[in-house]
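The structure appears below as structure tokens.
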Amino acid sequence: MNCNDCVEKFDRYVDRELNNTEVLELKLHLEGCPPCADQYEFQASLKRLVKVCCDKDTAPAAFREKLRQILL
Amino acid sequence: MAESPARTAFAEEALTHLDVLYRGALRLTRDPDQAQDLVQEAYLRALRYQHSYQPGTNMKAWLFAIMRNLFWDRFKGSRKEDVSLDDVGEFVLYDKLRDEGAKPEADVLDKLAASEVVEAVEKLPPLHREVVLLVDVEGFSYKDAAQTLGVPIGTVMSRLHRARQQLQRSLFDYAVESGIVHRNGTGQVPQP
Ligand SMILES: [Zn+2]
């Protein structure tokens with residue numbers, strides 16, 4: 001696997017959408033290629049950052065109570 | 001009103017996904033009141049169409065689909081350019097930061113404020129925003145996201161890819177505006 005093939009798979013790797021063979025190939029390349037490994041770590045951090053920043057919001061308690069009244 | 005036990009159990013289970021739905025609605029509408037309206041309507045519709053839910057399948061995805069379909073019903077009539085992203089070309093934040101001499105690149109991410117990241121997500125056109133919400137925020141698989149959105153997996157992947165390009169572009173602009181990164185390679189990420 002060359003660097004282009006590797007980078008091209010980053011989306012699916014961070015999203016856990018690669019099959020086992022693809023994961024093994026990618027890991028093998030990352031172990032021997034610090035620049036790709038560094039870039040992969042960056043992509044993974046970016047995905048974590050989006051999740052952490054966006055999943056803080058929860059439904060307000062009063063709204064939850066209102067829905068319970070309506071639905072239950 | 002006396003509800004049947006089956007309906008109550010169904011509603012109880014549906015309500016365990018309230019936070020996911022609310023978050024999604026909040027990001028889609030960008031307004032807490034509208035988000036509550038949307039979610040309430042989605043739950044009422046879900047109960048009305050309870051029979052179309054297959055027990056044992058992904059209820060979270062099913063509910064999210066109802067909510068986003070309602071959102072799109074309301075959103076109809078918007079101009080196409082507000083809905084989708086043009087192909088603006090590849091933008092790789094990592095490469096961009098390296099070009100600007102901001103090292104280490106990951107430090108820039110640590111310095112971005114959460115509110116800036118949320119704003120960058122909310123700035124995405126809704127067609128792309130919803131894919132990011134499902135896959136990145138709620139951790140849906142491509143397959144579940146495709147089912148929720150009613151599109152092929154390939155469409156999920158291309159929308160996601162384009163959304164991420166745009167997101168990285170916005171974050172880079174923020175980093176420059178807020179002085180985290182100095183344009184044209186003035187060197188290191190400033191340390192606190
Ligand atoms: Zn490489």
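The values are calculated or read from the model by the stated rules, or taken from the named source; none is laboratory data. Worth saying up front: this structure is predicted, and the values here are computed from it rather than measured. Here the Cβ positions follow ideal geometry from the backbone for every residue, glycine too, while neighbour counts run over all protein chains shown. Surface accessibility is based on the protein's heavy atoms, side chains included, excluding ligands, DNA and RNA. Shrake-Rupley method; radii C 1.70, N 1.55, O 1.52, S 1.80 Å.
I'm trying to understand the selection: among the residues of the range A:34-46, which are more than 11 Å from the ligand (Cβ to nearest atom) and either outside any helix (DSSP H, G or I) or of a type in the set (Ser, Thr, Tyr) (or both)?
Looking only at the range A:34-46, we keep the residues that are more than 11 Å from the ligand (Cβ to nearest atom), and these are A:41-46.
Within the range A:34-46, just A:Ser45 meets the criteria.
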Candidate set: the range B:23-72, residues that are small (Gly, Ala, Ser) and closer than 25 Å to B:Ala6 by Cα; chosen: the one surrounded by the fewest Cβ atoms within 10 Å (Cβ to Cβ): B:Gly56
Would you confirm whether or not the range B:120-138 contains a residue that is buried (at least 21 other Cβ atoms within 10 Å of the Cβ), more than 10 Å from every other protein chain (Cβ to nearest Cβ) and assigned to a loop (DSSP other than H, G, I, E, B)? yes
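Among residues belonging to the range A:4-33 that are within 12 Å of another protein chain (Cβ to nearest Cβ) and within 12 Å of the ligand (Cβ to nearest atom), point out the one that is least open to solvent (accessible area, probe 1.4 Å). Step through it out loud before you land on a result.
Here is the first cut: in the range A:4-33, the ones within 12 Å of another protein chain (Cβ to nearest Cβ) are A:7-12, A:14-18.
Filter once more, keeping what is within 12 Å of the ligand (Cβ to nearest atom): A:7-10.
Details: A:Val7: 56, A:Glu8: 127, A:Lys9: 32, A:Phe10: 9 Å².
Selected residue: A:Phe10.
Report yes if A:Val52 is away from the ligand (no atom under 11 Å from the Cβ), within 8 Å of chain B (Cβ to nearest Cβ) and in a helix (DSSP H, G or I), otherwise no. It would help to see each step written out before you state the result.
Values: away from the ligand (no atom under 11 Å from the Cβ): yes; within 8 Å of chain B (Cβ to nearest Cβ): yes; in a helix (DSSP H, G or I): yes.
In short, yes.
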Filtering the range A:6-26 down to residues that are touching a helix residue (DSSP H, G or I) at 6+ places or on another chain (Cβ under 9 Å), over 28 Å from B:Ala175 (Cβ atoms) and without any contact (Cβ under 8 Å) to a residue 24 or more places away in the chain yields A:Glu17, A:Leu18, A:Glu22, A:Val23
